[in-house]
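Let me begin by presenting the structure, written as structure tokens, before commenting on it.
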Amino acid sequence: MYCKNCGKEIDNKASFCKYCGDSTRELGVNRTIKTTPAPATNENISKYKGLEGWLTLVILGLFISAGRLGYEFITIFSGGTDYSGIGGWLFYDTITMGGLTALAIYLIYLFFKKNKKFPKFYIIFLISLMVVNIITVVALSSYDLEAGAMDEYFENAGRSVLGAIIWGLYITKSKRVKATFVE
């Protein structure tokens, strides 16, 4: 039989594992079955490989993010955003919106190339988006803005935190992601 704790083979009549000392008895019944996951084969992995399933939502979200961030970036330069009374925010918005737009476009490129860097950079993008939105809420709350003006910033921060949690877990745990982004 095999030890449930360390997995090493031990005598069928042993009460304790001679390697780790763990008991071989569970509720008075001797364990004789070793449970191991099925070995990863090319057939097991290949059924998950491909840009489909939940990954379609990831790329759709990236296109939307790149478009929205790009629009915000262009709005900054066209004078569509009023920065009077909130000094320094023109520089902050230019850097953050420009950087996040560039990162979203780069992620789209990595996604379609099925590049192994995609999951790591996607996590960086999610965290960056979340941090930028939280910093914006915290910093702008110290300014005397209209009551409804902060609502959009709070909603963006909440969405980015929730999105980072959900999609971050998906990217780190998904078999499809691990099988697809290997090149």
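Annotations for the structure displayed:
- Residues that are modelled with pLDDT of 80 or more and of a type in the set (D, E, K, R) within segment 72-97 comprise Glu72, Asp93, listed in sequence order.
- Flag for Val161 being loosely packed, with under 14 Cβ neighbours inside 10 Å, in a helix (DSSP H, G or I), assigned by TED's automatic domain parsing to the domain that holds Leu57 and of a type in the set (A, V, I, L, M, F, W, C): no
- Single match in Ile171, Ile108 (criterion: over 14 Å from the mean Cα position of the chain (by Cα) and either in a helix (DSSP H, G or I) or modelled with pLDDT under 90 (or both)): Ile108
- Val138 falls short of the stated requirement of being under 24 Å from the mean Cα position of the chain (by Cα), assigned to a loop (DSSP other than H, G, I, E, B), at pLDDT below 90 and surrounded by fewer than 12 Cβ atoms within 10 Å (Cβ to Cβ).
- Single match in Gly21, Gly50 (criterion: modelled with pLDDT of 70 or more and either among the polar types (S, T, N, Q) or not in a helix (DSSP H, G or I) (or both)): Gly21
- In segment 161-183, the residues that are under 12 Å from Ile123 (Cα atoms) reach residues that are modelled with pLDDT under 90 and assigned to a loop (DSSP other than H, G, I, E, B) with C-beta atoms within less than 7 angstrom, at least six apart or across chains, in these pairs: Tyr170/Trp54.
The values are calculated or read from the model by the stated rules, or taken from the named source; none is laboratory data. Keep in mind that this is a model prediction, so the values were computed, not measured. Cβ coordinates were reconstructed from backbone atoms using ideal geometry, including for glycine residues, and neighbour counts include every protein chain displayed.
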